[in-house]
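A quick write-up on the structure given underneath.
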Amino acid sequence: MKELRILQVEDNEGDIILTVEALKEANVRHVISVAMDGQEALDLLRKTEELPDLILLDINLPKIDGIEVLSIIKKEERLMHIPVIMLTTSSTEKDILNAYNNFATSFISKPLDLNKFLEVLESIGTFSDDMQNNVA
């Protein structure tokens, strides 16, 4: 199984560290890149030759918020095929609808409890296995 290339767009360093640790615990072979704001994410996606296999995108971001980043990604032909999982503290109906209306693959609210957060990220490992099996 190849390494999963993940772009995490997140401005909270604690959540970045937790995500990396949870992916390791879930035995997800991965390479993770991090963008700390929406503009950095778009810049990285537009100039990299090797696109990520999966994007983990927070909603509440500096410069350009996650919903706008998602909207831009899904309108650009080169990027629109990349699965985007909204991974955010928000659980408002408005944010959920905006995410799916802009073609998010999934919407996951970050639990405040550490163990539940790790469980959520382990489920992303399962998602990545399914995604790779469908590609193979």
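The values are calculated or read from the model by the stated rules, or taken from the named source; none is laboratory data. Everything numeric in this text was worked out from a predicted model, so none of it was measured. Here the Cβ is made from the backbone with ideal geometry for all residues, glycine too, and neighbour counts use every protein chain on show. Surface areas here come from the heavy atoms of the whole protein model, side chains and all, with no ligands, DNA or RNA. Shrake-Rupley method; radii C 1.70, N 1.55, O 1.52, S 1.80 Å.
Structure summary
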| quantity | calculated |
| --- | --- |
| Simple label model, 7 Å out from Cα along Cβ direction - LYS74 to GLU13, nm | 3.3 |
| Karplus (6.51, -1.76, 1.60) ³J(HN,Hα), θ = phi - 60°, over segment 73-90, in Hz, Gly and Pro reported as x | 4, 6, 9, 8, 3, 5, 10, 4, 7, 6, x, 10, 9, 6, 10, 8, 6, 5 |
| Sequence-separation-based contact order of the chain, relative, with Cα cut under 8 Å and 6+ spacing, percent | 24 |
| Segment 1-73, relative contact order [Cα under 8 Å, separation at least 6], % | 40 |
| Approximate shape of segment 3-63 as ellipsoid semi-axes (Cα gyration tensor, √5λ), whole Å, largest first | 19, 16, 7 |
| Within the chain, longest stretch clear of exposed trypsin sites (Lys or Arg not before Pro) (DSSP loop, no more than 14 other Cβ within 10 Å) | 79-136 |
| Within the accessible area of the chain (1.4 Å probe), percent carbon and sulfur | 50 |
| Theoretical ellipticity at 222 nm over the chain - DSSP helices of four or more residues, -39500 (n - 2.57) apiece, nearest 500 | -15000 deg cm²/dmol |
| Inter-site label distance for VAL31 and THR92 at 7 Å from Cα along Cβ, in nm | 3.8 |
| Across LYS24/LYS74; LYS74/LYS116; LYS75/LYS116; LYS24/LYS116, pairs whose alpha-carbon gap is larger than 27 Å | LYS24/LYS74; LYS74/LYS116; LYS75/LYS116 |
| Loop GluC sites (Glu not before Pro), segment 1-73 (other Cβ atoms within 10 Å of the site Cβ: 15 or fewer; DSSP) | GLU3, GLU49, GLU50 |
| Alpha-carbon gyration tensor eigenvalues x 5, square-rooted, for the chain, Å | 20, 19, 14 |
